[in-house]
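One structure is given below, encoded as C-alpha cells.
The values are calculated or read from the model by the stated rules, or taken from the named source; none is laboratory data. All figures in this text were calculated on a predicted structure; none of them were measured in a lab. All Cβ positions, even for glycine, are placed from backbone atoms using ideal geometry, and neighbour counts span all protein chains on display.
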C-alpha cells in the first residue's frame, strides 16, 4: 500500500442536484459516478458534470419524503446494467439504470 499514488482528484461541489451526497460508486465501463442521496440516485459524468440518469427512490416509496432516508451502500452490477442499493432502514433495492425499473424490498 505504500507504493500507491493519487493520480487525479475530482470534486463534485458544482453539480446541481437535490439532497446531500451520502455515498458513491464508480461505474468504470461507462466512466460515470453513481451518487446516492436522501432523495435517490443519480449518475454523473465526472468530466462534463452532466447528470446522465436519475432514479428518485422517494417517489418509488423506498425512501421517506421528509429527507430522513439514508443510503448506506451502492454496488454497480455490470452484467445487469443495474446498481444494488442498501438503505439504513434495511431495504435492499435493485435499480436498472437503462429502464429505470426499481424493485426488491427486504422487510
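How many residues are under 12 Å from the mean Cα position of the chain (by Cα) and buried (at least 21 other Cβ atoms within 10 Å of the Cβ) when one looks only at the stretch 44-67?
Adding up the residues that qualify gives 3.
When the residues of the stretch 68-107 are narrowed to those that are surrounded by fewer than 12 Cβ atoms within 10 Å (Cβ to Cβ) and not in a loop (DSSP other than H, G, I, E, B), which ends up nearest to the chain's Cα centre (by Cα)?
If we filter the stretch 68-107 for residues that are surrounded by fewer than 12 Cβ atoms within 10 Å (Cβ to Cβ), which is where we start, we get 68, 75, 78-79, 90, 98-99, 103, 106-107.
From the residues that got through so far, the ones that are not in a loop (DSSP other than H, G, I, E, B) too are 75, 78-79, 103.
On the way: 75: 8, 78: 14, 79: 17, 103: 15 Å.
Looking at the filtered set, the residue picked out is 75.
Where the second residue is assigned to a loop (DSSP other than H, G, I, E, B) and the first is at pLDDT below 85 and lies in the stretch 61-73, which pairs have Cβ atoms under 7 Å and are six or more apart or on separate chains?
That search, which allows pairs on different chains as well, returns 67/38.
Scan the stretch 98-107 for residues that are in contact (Cβ under 8 Å) with a residue 12 or more places away in the chain and over 16 Å from residue 39 (Cα atoms) and jot them down.
Taking the stretch 98-107 and keeping what is in contact (Cβ under 8 Å) with a residue 12 or more places away in the chain, we get 98, 100, 102, 104-107.
Those that are in contact (Cβ under 8 Å) with a residue 12 or more places away in the chain and over 16 Å from residue 39 (Cα atoms): 98, 104, 105, 106, 107.
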